[in-house]
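Heads up, the thing below is written out as structure tokens.
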There are 2 protein chains.
Amino acid sequence: MAQVQRMSRLMVKTLRDDPADAETISHKLLVRAGYVRRTAAGIWSWLPLGKKVLDNISHIVREEMDAIGAQEVLLPALLPKEPYEASDRWEEYGDLLFRLKDRKGADYLLGPTHEEIFTQVVKDQCTSYKDLPVMLYQIQTKYRDEARPRSGVLRGREFQMKDSYSFDTTDEGLEESYQLHRAAYQKIFARLGLDYRIVSAVSGAMGGSASEEFLAPAPAGEDTFADCPNCSYAANTEAVTFALSPVEGAEHGPVEVLDTPDTPTIETLAAHLGVPASATLKNLLVKVDGEIVAVGVPGHRDVDLGKLGEHLAPAEVELVTAEDFEGRPDLVRGYVGPQGLDKVRYIADPRVAPGTAWVTGANEDGKHARNVVAGRDFEVDDHLDVVVVEEGDPCPSCGTGLKLDRAIEIGHIFQLGRKYADTFQLDVLGQQGKPVRVTMGSYGIGVSRAVAALAEQTADGQGLCWPAEVAPADVHVVAAGKALQTELALEVAEKLSAAGARVLVDDRAGVSPGVKFTDAELIGVPKILVAGRRSADGVVELKDRRTGEREELPVAEAIARLTA
Amino acid sequence: MAQVQRMSRLMVKTLRDDPADAETISHKLLVRAGYVRRTAAGIWSWLPLGKKVLDNISHIVREEMDAIGAQEVLLPALLPKEPYEASDRWEEYGDLLFRLKDRKGADYLLGPTHEEIFTQVVKDQCTSYKDLPVMLYQIQTKYRDEARPRSGVLRGREFQMKDSYSFDTTDEGLEESYQLHRAAYQKIFARLGLDYRIVSAVSGAMGGSASEEFLAPAPAGEDTFADCPNCSYAANTEAVTFALSPVEGAEHGPVEVLDTPDTPTIETLAAHLGVPASATLKNLLVKVDGEIVAVGVPGHRDVDLGKLGEHLAPAEVELVTAEDFEGRPDLVRGYVGPQGLDKVRYIADPRVAPGTAWVTGANEDGKHARNVVAGRDFEVDDHLDVVVVEEGDPCPSCGTGLKLDRAIEIGHIFQLGRKYADTFQLDVLGQQGKPVRVTMGSYGIGVSRAVAALAEQTADGQGLCWPAEVAPADVHVVAAGKALQTELALEVAEKLSAAGARVLVDDRAGVSPGVKFTDAELIGVPKILVAGRRSADGVVELKDRRTGEREELPVAEAIARLTA
């Protein structure tokens, strides 16, 4: 039986005003309701109410992970450099990694994810095919030095995560471990009361093949996903790849160079020449592992650097800077055209097919060229789909116009395959007595981020509004203020607690009933029970936080209702 | 109902041999029994069995902290430099602190303890005397860059700790919070099954006044404590202070300088001159905040640098190096005497009282002096008790000869007072409407260290031997090997689990009964149930891991016995 939590003793200070720097609902409300407190940029303290929500989520995650036979462990957060150097991630993570040295000058990092260390643990503990499959998980503090930590606990630099890893000897085994996790995640997010979608995802810096994201739609989300209103297709926008039909080449006149003053944008250029933006060819310069590369897409579309990065991984893609133009007279800023790029690798959208003619930069200041024909005036080195998906783009599965929505990534499942096993030579003795290379999966749930996602999806104008299993209490008992009311409130609280309910009781003296009601709405416990003006008759008011429905009931009936 | 843990699926690999670098019982056995694995120096991974023990301990700690009304929170481990700079601990911690920079070059540290951050949280959340007292705790990963991380999880660089902090407006309130913690700690350590002593402690780098340590006696311990066999006195050796009676001064002849060849030690010097070692005066040179200071003690005693450091805190005490003698002809290495130390501060043991005569260095190479009289030939700037306590020294309380024992510090409680409240100006509005400065306590339990302490105290020649509430399971069921035995073992395991017991069952195929028995002893679950040769008759063997008592019983009776 959990103790009754008395507001008179609980460290919870509610605020009437939003924190100045808060933009998202979850940031505002979690701070205002006293769940979290900012300690540094992207680094948060979990106060008593927040810790309870965090624990409730962890408890659900733990139960469902245990149910699929995953074993809980706890690996360090402070990790030696060497395994991450072996996997190349010491470098690849760039500024995202917190790096430090110990007193002897040895290099360490704060773990952003633990593929390397789990691989080492399994290499040490498992030697035979009989020891596999094995699924391991931990709920642990993770670290990523985000460039713009924002949105409260939605994207922190220190955060709580459940990460798990599966180890199998066969591809079928990996598929099974992956499906077990997928099913467990569905149960977890359903129990959490989250509205979510499972979408195809790119594999990111993790490497590997099959991968899906669990996205909680919310305007505050930092991810955009494409959703087909007709079929079941849904994908992270970076994972949407268009199958474009080749364009028939036609006869075109010779290249013509035009003066194009005052046309700083594609729109002004197209208007000046009286052609649609889609007839122009936009060329973006990037650096791929330090080498300048040009990327051409039709003028009405943008380059998705994420998609480009995925295509070119593990090479690193950066934007060019002013310095990169120095000593490169062949690169004329704002007027780049592929017909003048002899020494530069040229990547283009599939629409830039041989025989198609374009308006593009003339490689001279203030000038553009028309009738620049692919395959005649320039060569495309690689055709890649790298454009940013737009609302209405055709669904790759059925062709219907896609919808775009914002969402919070709450979970991610990967079939890593043998990438890390190869790095660390993780083999076990197979049934035939020969070493078998292990294949891995990696699976994550953002536990602290789930708190924010739930707040985003469930809050209303009055405040937070938690689903039952996640809420810091089942019932919020409010003593309106008079001695008799406080007495009744405490009595009801004890009875509810004895019947197994988790109870928060607002027994604060010297706080007006109005403030207590406002606080109860803000804190967002699912049921509110008020010992108010009819306390002398043993009648209380019961209110549903979500629907706002309220009703007066005799105490015994209210207790029976709440503990049914 | 907890799931039955099947050894055939559990990631636990036992080892027959001790790890090469392991010196202590807990290090050897926790590794050999598959509880922990070393990831880097002083940085450990907790494998499934180890994680269970860690969780069981955390659960007990949590229950007892909740019972005294402490509220659980979770503060960050990655902390900004500024609050630790304000308290001077950014510097004071020296090399013990892991420091790092983020991508913007801002300074951070990995929290070794959280007084600063808790003070800030309370300053933010509590504004009135009505908000106090408050006690907050967390169970969290902590970091200390130990110079010599050793002994496995006994002294790691990353470790699990329960730290709590109390905030009161009065000294009486602090005393009460302190006593609540003291009582809770007694319950916790009793439930853990630890043999422990509560001893007076020095306050260390924490500052503040009253302080006690909870010590678990064990030969592997890094602390020594003095224990009176007659009265209740017990103290950390650094906290033992002798009340020495002043020595009556006598008439002495003039100082006499003697050639003392081949007397490199006090023992050889005393023998050469035919005096007891206690008649000689040993002078140790140290640097106090960079300035050279001499410390004199009778020749038969040693200087306790910890005690000296405590006396002089917050000044920092270091040993002198060869370079410190350069350009100091007044300091003759090995022949220092206080009569020649005009410009050096001289601290001495209370026995070096005015009028006492000593044999000491003559400040000339190869020479000593006799009849060097305190108050006549030299002055003592400060009389401080700084000698290392020795077995048989008189108990400060009753005079009986003290015993010295090794122990592991498993808990520490401090009355910090207003040190941190002063630093951060933590005031609340008092009952009279005026600001009142808050007074604090700080309390810690080494959760991961408690695992090691328990292993040290309870292990025997066969392996680990956990107390009931801490053990990774209640019953270890061993299937001797034949199909019928495995069937019975699994059946018994399920029945025990259904009756509420936590069960580990060794259902591994292809592992000999002998190996299974050895593993069961090594893993150390309190009760071992063997489905062996009499399985066909429904008779099993029940063994008590600690006493070794074994008995054959019908299955039903064994289950009844184990779940009584």
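The values are calculated or read from the model by the stated rules, or taken from the named source; none is laboratory data. Only a predicted model underlies this, so the values are computations on that prediction, with no experimental measurement involved. When we count neighbours, we look across all protein chains shown, and the Cβ atoms used for this are built from the backbone with ideal geometry, even at glycine. Protein only, heavy atoms only, side chains kept; ligands, DNA and RNA dropped before computing areas. Shrake-Rupley method; radii C 1.70, N 1.55, O 1.52, S 1.80 Å.
Can you spot a residue in the range A:65-72 that is more than 22 Å from A:G411 (Cβ to Cβ), crowded, with 21+ Cβ neighbours inside 10 Å and within 13 Å of chain B (Cβ to nearest Cβ)? Before the answer, list the steps.
Filtering the range A:65-72 for residues more than 22 Å from A:G411 (Cβ to Cβ) gives none.
Taking every residue of the range A:65-72 in turn, none turns out to be more than 22 Å from A:G411 (Cβ to Cβ), crowded, with 21+ Cβ neighbours inside 10 Å and within 13 Å of chain B (Cβ to nearest Cβ).
Hey, does the range A:482-495 have a residue that's under 24 Å from A:T458 (Cβ atoms) and of a type outside the set (V, I, T)?
No - not one qualifying residue is present in the range A:482-495.
Quick one: in the range B:189-234, of everything that is in a helix (DSSP H, G or I) and out of contact with any strand residue (DSSP E or B) (no Cβ under 7 Å at 6 or more places or on another chain), which residue is modelled with the lowest pLDDT? First the steps, then the outcome.
Initial filter on the range B:189-234 (in a helix (DSSP H, G or I)): B:189-192, B:204-206.
If we keep only those that are out of contact with any strand residue (DSSP E or B) (no Cβ under 7 Å at 6 or more places or on another chain) as well, we get B:190-192, B:204-205.
Values: B:A190: 97, B:R191: 97, B:L192: 97, B:G204: 43, B:A205: 40.
Only one residue tops the list, namely B:A205.
I'm trying to understand the selection: among the residues of the range A:1-13, which are in contact with a Ser or Thr (Cβ under 8 Å, 6 or more places away or on another chain) and open to solvent by 30 Å² or more (accessible area, probe 1.4 Å)?
The answer is A:M1, A:A2, A:Q3, A:K13.
When the residues of the range A:281-320 are narrowed to those that are more than 22 Å from A:Q339 (Cα to Cα) and open to solvent by 60 Å² or more (accessible area, probe 1.4 Å), which ends up farthest from the chain's Cα centre (by Cα)?
The selected residue is A:D289.
Do you know which of the residues in the range A:125-179 that are under 19 Å from the mean Cα position of the chain (by Cα) and of a type in the set (A, V, I, L, M, F, W, C) is surrounded by the fewest Cβ atoms within 10 Å (Cβ to Cβ)?
The residue in question is A:A147.
Which condition number does A:L96 fail, the rest of (1) under 19 Å from B:I43 (Cβ atoms); (2) hydrophobic (A, V, I, L, M, F, W, C); (3) facing chain B (nearest Cβ under 10 Å); (4) open to solvent by 20 Å² or more (accessible area, probe 1.4 Å) being met?
Of the numbered conditions (1) under 19 Å from B:I43 (Cβ atoms); (2) hydrophobic (A, V, I, L, M, F, W, C); (3) facing chain B (nearest Cβ under 10 Å); (4) open to solvent by 20 Å² or more (accessible area, probe 1.4 Å), the odd one out for A:L96 is (1).
Which of the residues spanning the range B:291-310 are outside any strand (DSSP E or B) and more than 15 Å from B:G361 (Cβ to Cβ)? Don't jump to the end; show me each part of the working.
Just the residues of the range B:291-310 that are outside any strand (DSSP E or B), to begin with: B:299-302, B:304-310.
Across the range B:291-310, the qualifying residues are B:H300, B:R301, B:D302, B:D304, B:L305, B:G306, B:K307, B:L308, B:G309, B:E310.
Of (1) within 11 Å of chain A (Cβ to nearest Cβ); (2) assigned to a loop (DSSP other than H, G, I, E, B); (3) surrounded by 15 or more Cβ atoms within 10 Å (Cβ to Cβ), B:A22 satisfies all except one. Which?
Going through the list (1) within 11 Å of chain A (Cβ to nearest Cβ); (2) assigned to a loop (DSSP other than H, G, I, E, B); (3) surrounded by 15 or more Cβ atoms within 10 Å (Cβ to Cβ), B:A22 breaks only (1).
Going by the conditions given, is B:K51 open to solvent by 30 Å² or more (accessible area, probe 1.4 Å) and within 13 Å of chain A (Cβ to nearest Cβ)? Before you say what the answer is, go through the steps one by one.
Working: open to solvent by 30 Å² or more (accessible area, probe 1.4 Å): no; within 13 Å of chain A (Cβ to nearest Cβ): yes.
Judged against the criteria, B:K51 is not a match.
Residues of the range B:364-373 being without any contact (Cβ under 8 Å) to a residue 60 or more places away in the chain and assigned to a strand (DSSP E or B), which ones? Steps first, please.
Pass one, the range B:364-373, residues without any contact (Cβ under 8 Å) to a residue 60 or more places away in the chain: B:365.
Scanning the range B:364-373 gives no hits.
Return the residue satisfying two criteria in turn: it lies in the range A:106-124 and is more than 10 Å from chain B (Cβ to nearest Cβ) and in a helix (DSSP H, G or I), and of such residues it is surrounded by the fewest Cβ atoms within 10 Å (Cβ to Cβ).
Applying the filter and picking the extreme gives A:K123.
List the residue pairs whose Cβ atoms are under 9 Å apart, where the first residue sits in the range B:327-346 and is outside any loop (DSSP other than H, G, I, E, B), the second is hydroxyl-bearing (S, T, Y), and the two are 6 or more positions apart or on different chains.
What qualifies is B:P338/B:Y346; B:P338/B:T360; B:Q339/B:T360.
Are any of the residues in the range B:224-234 small (G, A, S) and open to solvent by 10 Å² or more (accessible area, probe 1.4 Å)? Give the steps one after another, and end with the answer.
To start, the set of residues in the range B:224-234 that are small (G, A, S) comprises B:226, B:232, B:234.
Those still in the list that are open to solvent by 10 Å² or more (accessible area, probe 1.4 Å) too: B:232.
Yes, the range B:224-234 contains a residue that is small (G, A, S) and open to solvent by 10 Å² or more (accessible area, probe 1.4 Å).
Is there a residue in the range B:74-86 that is open to solvent by less than 50 Å² (accessible area, probe 1.4 Å), at the interface with another protein chain (Cβ under 10 Å from one of its Cβ atoms) and more than 27 Å from A:L97 (Cβ to Cβ)?
Looking only at the range B:74-86, we keep the residues that are open to solvent by less than 50 Å² (accessible area, probe 1.4 Å), and these are B:74-81, B:83-84.
Cutting the leftovers down to at the interface with another protein chain (Cβ under 10 Å from one of its Cβ atoms) gives us B:74-81, B:83.
When the remaining residues are screened for being more than 27 Å from A:L97 (Cβ to Cβ), the result is none.
Checking the range B:74-86: not a single residue is open to solvent by less than 50 Å² (accessible area, probe 1.4 Å), at the interface with another protein chain (Cβ under 10 Å from one of its Cβ atoms) and more than 27 Å from A:L97 (Cβ to Cβ).
Any chance the range A:368-384 includes a residue that's open to solvent by less than 30 Å² (accessible area, probe 1.4 Å), farther than 15 Å from A:K282 by Cβ and at pLDDT 90 or above?
Checked the range A:368-384: at least one residue is open to solvent by less than 30 Å² (accessible area, probe 1.4 Å), farther than 15 Å from A:K282 by Cβ and at pLDDT 90 or above.
Can you spot a residue in the range A:26-39 that is of a type in the set (S, T, Y), at the interface with chain B (Cβ under 8 Å from one of its Cβ atoms), surrounded by 19 or more Cβ atoms within 10 Å (Cβ to Cβ) and in contact with a Ser or Thr (Cβ under 7 Å, 6 or more places away or on another chain)? Reasoning before the result, please.
Of the residues in the range A:26-39, the ones of a type in the set (S, T, Y) are A:26, A:35, A:39.
Checking the rest, the ones that are also at the interface with chain B (Cβ under 8 Å from one of its Cβ atoms) come to A:39.
Then keep just the ones that are surrounded by 19 or more Cβ atoms within 10 Å (Cβ to Cβ); that gives A:39.
Subset that is in contact with a Ser or Thr (Cβ under 7 Å, 6 or more places away or on another chain): A:39.
The answer is yes, given that some residue of the range A:26-39 is of a type in the set (S, T, Y), at the interface with chain B (Cβ under 8 Å from one of its Cβ atoms), surrounded by 19 or more Cβ atoms within 10 Å (Cβ to Cβ) and in contact with a Ser or Thr (Cβ under 7 Å, 6 or more places away or on another chain).
Of these, B:R103, B:R144, which one is basic (K, R) and more than 7 Å from chain A (Cβ to nearest Cβ)? Break it down into steps so the answer makes sense when it comes.
Numbers: B:R103 fails: more than 7 Å from chain A (Cβ to nearest Cβ).
None of the others qualify; the one that does is B:R144.
Do you know which residues across the range B:545-564 are touching a residue at least 40 places away in the same chain (Cβ under 8 Å) and either open to solvent by 80 Å² or more (accessible area, probe 1.4 Å) or within 37 Å of the chain's Cα centre (by Cα) (or both)?
Taking the range B:545-564 first, the residues touching a residue at least 40 places away in the same chain (Cβ under 8 Å) are B:545-546, B:555, B:558-559, B:562-563.
Within the range B:545-564, B:R545, B:R546, B:L562, B:T563 meet the criteria.
Do we have B:D259 as buried (at least 16 other Cβ atoms within 10 Å of the Cβ) and acidic (D, E) here?
Values: buried (at least 16 other Cβ atoms within 10 Å of the Cβ): no; acidic (D, E): yes.
Taking the combined requirement at face value, the residue does not satisfy it.
Determine, yes or no, whether B:V12 is more than 23 Å from A:W46 (Cα to Cα), aliphatic (A, V, I, L, M), within 12 Å of another protein chain (Cβ to nearest Cβ) and not in a loop (DSSP other than H, G, I, E, B).
Numbers: more than 23 Å from A:W46 (Cα to Cα): yes; aliphatic (A, V, I, L, M): yes; within 12 Å of another protein chain (Cβ to nearest Cβ): yes; not in a loop (DSSP other than H, G, I, E, B): no.
It is false that B:V12 is more than 23 Å from A:W46 (Cα to Cα), aliphatic (A, V, I, L, M), within 12 Å of another protein chain (Cβ to nearest Cβ) and not in a loop (DSSP other than H, G, I, E, B).
A:E176 - would you say it is more than 11 Å from chain B (Cβ to nearest Cβ) and either within 24 Å of B:L47 (Cα to Cα) or hydroxyl-bearing (S, T, Y) (or both)?
Working: more than 11 Å from chain B (Cβ to nearest Cβ): yes; either within 24 Å of B:L47 (Cα to Cα) or hydroxyl-bearing (S, T, Y) (or both): yes.
For A:E176, the condition - more than 11 Å from chain B (Cβ to nearest Cβ) and either within 24 Å of B:L47 (Cα to Cα) or hydroxyl-bearing (S, T, Y) (or both) - is met.
Looking at (1) of a type in the set (A, V, I, L, M, F, W, C); (2) under 27 Å from B:L258 (Cβ atoms); (3) outside the structural domain of B:E267 (by TED's automatic domain parsing), which is the only condition B:V389 fails?
(2)
Which one is farthest from A:Q138 (Cα to Cα), of the residues in the range B:52-99 that are assigned to a strand (DSSP E or B) and touching a residue at least 24 places away in the same chain (Cβ under 8 Å)?
We begin by selecting, within the range B:52-99, every residue assigned to a strand (DSSP E or B); these are B:71-72, B:74, B:78-80, B:99.
Now drop any that are not touching a residue at least 24 places away in the same chain (Cβ under 8 Å), which leaves B:71-72, B:74, B:78-80.
Numbers: B:Q71: 24, B:E72: 21, B:L74: 17, B:L78: 19, B:L79: 23, B:P80: 26 Å.
Step by step, filter the range B:52-99, then rank; the result is B:P80.
Any residue at all in the range B:355-363 that's over 13 Å from B:F378 (Cα atoms) and in a loop (DSSP other than H, G, I, E, B)?
no
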